[in-house]
Structures are given as C-alpha cells and as structure tokens.
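Only one structure is covered here, and it is reproduced in the block below.
The values are calculated or read from the model by the stated rules, or taken from the named source; none is laboratory data. Computed from a predicted model, the values in this text were never measured in an experiment. In this analysis, Cβ positions are derived from the backbone assuming ideal geometry, glycine residues included, and neighbour counts consider all displayed protein chains.
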Amino acid sequence: MIGISCEVKWNFYIPINLHSIPFILLTSHGTHVHPPPPPKKTPRDIVQGILQILQKINDPNITLSK
C-alpha cells in the first residue's frame, strides 16, 4: 500500500452516551489534492471467509467453553 498525503482535516464527534444518541457526526474541511483511489473489489475467497465466520457467530448452538 502506498500512502498519499492529503491536507483534508477530518473531525469525528461521538456522543458520550451512544445508547441515548446513536449517531456520530463526521465533518471534513479542505480540498483533496490527489485523485481518488481506483475501485477495487475484495477477493472472493476473503469474502467467503468472512461470511463463514459471521455464519458461525450467528449459530445459536455455539457455546463458550474451555
């Protein structure tokens, strides 16, 4: 991965209690001086691996034991 410098400043505003205010505010200031990165798809084998992990997490028969 090659880093590209950018002068845009990002601000994230996160409430102290996310349960009562479930929103995050993101603002950016400045101008991007670089072209956007080229589009890239996640490789199919990585997507399949992630989906398998999520399916296992969602299995109600899984228990935590030593």
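Okay, here's what the table says:
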| quantity | calculated |
| --- | --- |
| Single residue of segment 1-18 satisfying the filter (in a loop (DSSP other than H, G, I, E, B) and at pLDDT 90 or above) that is surrounded by the fewest Cβ atoms within 10 Å (Cβ to Cβ) | Ile16 |
| Residues of segment 19-57 satisfying the condition of being among the aliphatic types (A, V, I, L, M) and not in a loop (DSSP other than H, G, I, E, B) | Leu25, Leu26, Ile46, Val47, Ile50, Leu51, Ile53, Leu54, Ile57 |
